[in-house]
Amino acid sequence: MKNVGIGLALAPLWVSPSWAKEGMFTPDQLQEVSGELKEAGIEIAPDALADLTGFPMGAIVSLGNCSASFVSPEGLVVTNHHCARGSVQFNSTAEKNYLEDGFLAATKGNELPAAPGSRIYVTTRVTDVTARMRAGTTKLDPLERYKIVEQRSKDITAECELDAGYRCQVASFYGGAQYKLMQRLEVRDVRLVYAPADAIGKYGGDIDNWQWPRHTGDFAFYRAYVAPDGSAADFDEANVPYRPKHHLKVSASGLKDGDFVMAAGYPGSTNRYTLLAEVENTFNWTYPTFAVLLQDWINVIEKAAPEGSDARVKYESRLAGLNNFEKNLRGQMEGARRVGLVDRRRSRETALANWIASDGKRAEYGKAISLLETLSEESAQAARSNFWYNNVSRPQLFSAARRLFRLAKEREKPNSERKPGYQDRDMTFFRQGLEVIDRRFDPGVDRAEWLLFLRGYLKQPQEERIAKFDSALGLSAETNDEQLGEILDRYYANTKLGDSETRLELMDATVSELQADDDPFMQLAVAMYDYGQQLEMERDERSGRALALRPTYMDAITKWQRAQDQLTYPDANSTLRITYGKVLGGSPRDGLAYLPFTSLEGITAKDTGEDPFNSPAKQLELIKAKDFGSYTLDSLGSVPVNFLTDLDSTGGNSGSATLNAKAELVGLLFDGTFESVNSDWDFDTRTTRTIHVDSRYMLWVMDKVDGADSLIEEMDIAR
């Protein structure tokens with residue numbers, strides 16, 4: 001049997017391959033693990049998973065930052081509650097708070113537009129474009145190499161998007177050794193259909209986040225709409241539900257301990273091939289520094305946007321994201337310490353170096369890795385130097401001003417030569433990004449955040465400050481807190497960028513018009529433009545060097561692992577992946593055991609009546625009465641709420657369809673255990689466990705608690 005991945009390549013840390021499930025495989029790699037899939041228990045043909053337009057992969061979609069899947073022939077899409085929560089928040093006010101009350105559209109006509117920028121992407125074709133992307137780039141200087149590769153990516157994307165209704169992407173694999181063109185159908189009219197109240201969908205809140213046992217109903221539904229002729233279209237009442245070629249059946253019988261399971265989705269990013277220098281900078285400086293800042297940031301928002309205020313509603317999504325990130329960083333640091341990440345990475349590099357040294361023909365690998373190590377040190381130093389300037393650039397109106405001025409600058413070029421994000425293809429997102437500020441911005445909160453970042457910036461040594469920024473904002477070594485507050489007051493009192501119409505009008509402004517604009521945020525954006533361009537050029541130059549070095553490094557990794565009968569999968573990059581394993585509890589550390597399922601009774605045991613353990617009264621009554629319907633797992637004697645697997649996952653996998661051996665939906669992937677967080681960097685077979693919401697709990701809530709009968713009838717339920 002063939003092992004997979006890199007976590008197992010470090011003697012003496014090998015484990016039995018029969019239960020090591022590492023690997024976020026691209027669909028075309030599945031032929032190489034078809035034997036393992038069959039042995040693990042899959043009942044559909046493994047080759048079917050490589051057919052992106054067939055079943056079941058044709059039902060798997062991306063939301064851009066989360067995964068999802070079609071579950072009805074009428075374009076009904078299921079994803080995580082936390083993935084749709086931004087749309088719930090967007091449609092909420094203090095008077096009509098769908099976060100607190102939940103939302104269920106009685107009819108299709110009552111479905112609400114999702115938050116601006118919401119999309120559903122259906123991958124329809126993947127084409128290898130490596131030869132075109134890399135041709136003739138080897139001997140170019142780094143900056144020119146980067147520019148050529150970026151331009152080719154834009155050209156290939158533009159050609160692909162000549163087919164109306166598609167959004168295309170050139171994705172890099174193995175550090176730029178391979179490039180694939182992803183053609184995706186873009187559904188632009190996305191509507192919110194159903195989301196349980198936070199008391200179900202976010203039950204346990206930040207306290208339970210990344211924890212087991214878990215009892216979170218992390219699911220919600222969107223619907224995809226298109227024009228009457230089937231073409232992609234913006235929101236219009238005349239639009240009709242999209243009819244996908246394939247959709248998943250939803251299992252009402254679910255899984256039991258030890259059953260085969262797989263997940264299909266769009267994992268965001270992993271760092272399993274990073275060098276030691278990158279690991280050390282991240283865990284010795286970046287993560288500890290950010291962890292301290294995050295807690296202060298959360299406290300500032302909570303104070304400036306008190307519970308029950310309209311500002312709190314606007315900042316709920318940001319708070320949830322910051323709390324999630326803060327806890328994730330703590331888990332990353334704890335996990336790195338527990339598994340000895342630095343030592344493991346050092347051991348891997350030593351083993352790789354020994355393999356290279358054993359054959360003189362491999363000397364070029366050693367040279368490339370040495371240069372890559374130097375580049376990693378430079379990148380780490382740049383990240384440390386720019387940390388506080390990046391933070392003081394966060395205020396929403398300053399960010400909007402910078403984007404608007406950059407847009408005016410880019411529009412002085414032909415469309416094909418503009419930077420990604422500023423081409424004509426990007427203007428819908430650009431406009432929606434400016435519009436959504438209204439629902440997620442409060443001047444008092446934004447000011448409080450900026451004040452926090454500026455205080456941190458002012459504490460830095462003078463040589464690490466940005467003279468141009470200090471001059472533009474009026475800062476000096478003697479600036480005290482009172483003076484800083486007065487500076488910020490002038491900005492927020494005299495800006496016009498808080499008005500949506502003004503922001504949108506400025507999309508058409510010229511460079512000279514924006515330079516003459518007396519808005520303080522725009523003046524600051526103009527003043528800092530050249531410095532921002534300098535930082536970007538330095539980043540591009542480093543990226544150009546990496547484009548020459550990382551493919552060689554990854555070629556060495558791949559051949560080294562092949563020599564050990566291992567399959568090298570690429571780091572996650574928001575493209576379609578499949579991971580497989582089984583329902584499995586575990587023991588992440590001495591004296592601690594995780595059972596594979598949680599039940600309804602666990603909700604009652606946790607419930608305090610206060611957020612975040614405030615289950616709806618109706619749900620508690622149903623649990624007390626043992627009104628479980630047909631959704632009971634016999635071994636539990638209750639309805640399973642969440643379950644654990646040994647699947648390999650990361651951020652972006654949220655909402656991924658969790659499938660049984662027949663490719664029926666048995667749940668949604670939504671989290672990992674605290675001990676698993678570090679798997680972004682290093683897969684540890686003992687501790688890595690992924691958390692899923694069980695389809696039986698989803699159906700039970702829809703059936704018994706929220707009365708979503710019409711949606712149950714719309715779906716194909718496998719009983």
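The values are calculated or read from the model by the stated rules, or taken from the named source; none is laboratory data. All figures in this text were calculated on a predicted structure; none of them were measured in a lab. Glycine also receives a Cβ, built like all others from the backbone with ideal geometry; neighbour counts cover every protein chain displayed. With ligands, DNA and RNA removed, areas are computed over all heavy atoms of the protein, side chains included. Shrake-Rupley method; radii C 1.70, N 1.55, O 1.52, S 1.80 Å.
Does V126 qualify as being part of a strand (DSSP E or B) and among the β-branched types (V, I, T)?
Yes.
Mind listing whichever residues of the stretch 187-203 are of a type outside the set (K, R) and open to solvent by 20 Å² or more (accessible area, probe 1.4 Å)? Reasoning before the result, please.
Narrowing the stretch 187-203 to residues of a type outside the set (K, R): 187, 189-190, 192-201, 203.
Passing the criteria: only D198.
Hey, any hits in the stretch 644-656 for a residue that's touching a strand residue (DSSP E or B) at 6+ places or on another chain (Cβ under 7 Å), open to solvent by less than 10 Å² (accessible area, probe 1.4 Å), not acidic (D, E) and not in a loop (DSSP other than H, G, I, E, B)?
yes
Given the residues A277, A351, A252, A263, which is the only one that is hydrophobic (A, V, I, L, M, F, W, C), out of contact with any strand residue (DSSP E or B) (no Cβ under 7 Å at 6 or more places or on another chain) and at pLDDT 95 or above?
A351
Please list, ordered by first then second residue, the pairs with beta carbon atoms under 7 Å, 6 or more apart or interchain, first in the stretch 307-335 and more than 25 Å from S676 (Cβ to Cβ), second of a type in the set (D, E, K, R) and in a helix (DSSP H, G or I).
Taking only residues 6 or more apart or on different chains, the pairs are K314/R439; K314/R440.
Taking the condition of being open to solvent by 40 Å² or more (accessible area, probe 1.4 Å) and either more than 29 Å from W681 (Cβ to Cβ) or of a type outside the set (A, V, I, L, M) (or both), how many residues in the stretch 290-313 meet it?
9
Hey, could you check the stretch 30-78 for residues that are part of a loop (DSSP other than H, G, I, E, B) and among the small types (G, A, S) and say which is surrounded by the most Cβ atoms within 10 Å (Cβ to Cβ)?
Residue satisfying both the conditions and the ranking: G75.
How many of the residues making up the stretch 500-519 are small (G, A, S), touching a residue at least 40 places away in the same chain (Cβ under 8 Å) and assigned to a helix (DSSP H, G or I)?
1
Would you check which residues across the stretch 670-719 are in contact with a helix residue (DSSP H, G or I) (Cβ under 7 Å, 6 or more places away or on another chain), acidic (D, E) and outside any helix (DSSP H, G or I) and list them?
D682, D684
Only one of R243, R272, R191 is among the basic types (K, R), touching a strand residue (DSSP E or B) at 6+ places or on another chain (Cβ under 6 Å) and modelled with pLDDT of 95 or more. Can you tell me which?
Unique residue meeting the criteria: R191.
From the list D590, D627, D611, which one is touching a residue at least 40 places away in the same chain (Cβ under 8 Å), more than 27 Å from the chain's Cα centre (by Cα) and surrounded by fewer than 17 Cβ atoms within 10 Å (Cβ to Cβ)?
Going through D590, D627, D611 in turn, the sole match is D627.
Regarding the stretch 566-581, can at least one residue be identified that is open to solvent by 50 Å² or more (accessible area, probe 1.4 Å) and assigned to a loop (DSSP other than H, G, I, E, B)? So that I can check it myself, show each step before the final result.
First, the residues of the stretch 566-581 that are open to solvent by 50 Å² or more (accessible area, probe 1.4 Å): none.
No, there is no match, as no residue in the stretch 566-581 is open to solvent by 50 Å² or more (accessible area, probe 1.4 Å) and assigned to a loop (DSSP other than H, G, I, E, B).
Just for the stretch 86-138: of the residues that are modelled with pLDDT under 95 and among the charged types (D, E, K, R), which one is nearest to F430 (Cα to Cα)?
Only one residue tops the list, namely R125.
I'd like the full set of residues that are within 24 Å of R539 (Cβ to Cβ), assigned to a helix (DSSP H, G or I) and either open to solvent by 50 Å² or more (accessible area, probe 1.4 Å) or of a type in the set (S, T, Y) (or both), limited to the stretch 152-169.
R152, S153, D155, T157, A158
Only one of (1) open to solvent by 40 Å² or more (accessible area, probe 1.4 Å); (2) of a type outside the set (A, V, I, L, M, F, W, C); (3) outside any loop (DSSP other than H, G, I, E, B) is not met by G667, so which one is it?
The one condition G667 does not meet is (1).
Keeping to the stretch 208-238, report how many residues are out of contact with any Pro (no Cβ under 6 Å at 6 or more places or on another chain), surrounded by fewer than 18 Cβ atoms within 10 Å (Cβ to Cβ) and more than 19 Å from P640 (Cβ to Cβ).
9
Which condition number in (1) crowded, with 18+ Cβ neighbours inside 10 Å; (2) free of Cβ contacts under 8 Å to residues at least 60 places away in the same chain; (3) not in a helix (DSSP H, G or I) is the one that L488 fails?
For L488, the exception is condition (3).
When you go through E316, E278 one by one, which is the residue that is open to solvent by 30 Å² or more (accessible area, probe 1.4 Å), under 30 Å from Y569 (Cβ atoms) and acidic (D, E)? Reasoning before the result, please.
Numbers: E316 fails: under 30 Å from Y569 (Cβ atoms).
Checking each option against the conditions leaves just E278.
Would you pick out the residues in the stretch 170-179 that are surrounded by fewer than 20 Cβ atoms within 10 Å (Cβ to Cβ) and more than 20 Å from the chain's Cα centre (by Cα)?
Passing the criteria: A177, Q178.
Looking only at the stretch 148-174, count every residue that is out of contact with any strand residue (DSSP E or B) (no Cβ under 6 Å at 6 or more places or on another chain), in contact (Cβ under 8 Å) with a residue 40 or more places away in the chain and among the aliphatic types (A, V, I, L, M) and tell me the total.
Of the residues in the stretch 148-174, 3 are out of contact with any strand residue (DSSP E or B) (no Cβ under 6 Å at 6 or more places or on another chain), in contact (Cβ under 8 Å) with a residue 40 or more places away in the chain and among the aliphatic types (A, V, I, L, M).
Collect the residues in the stretch 421-456 that are acidic (D, E), touching a residue at least 24 places away in the same chain (Cβ under 8 Å) and assigned to a helix (DSSP H, G or I), keeping them in residue-number order.
Those that are acidic (D, E), touching a residue at least 24 places away in the same chain (Cβ under 8 Å) and assigned to a helix (DSSP H, G or I): E435, D438, D446, E449.
Take the stretch 88-114 and flag every residue that is open to solvent by less than 20 Å² (accessible area, probe 1.4 Å), assigned to a helix (DSSP H, G or I) and more than 22 Å from D709 (Cα to Cα).
The one that is open to solvent by less than 20 Å² (accessible area, probe 1.4 Å), assigned to a helix (DSSP H, G or I) and more than 22 Å from D709 (Cα to Cα): Q89.
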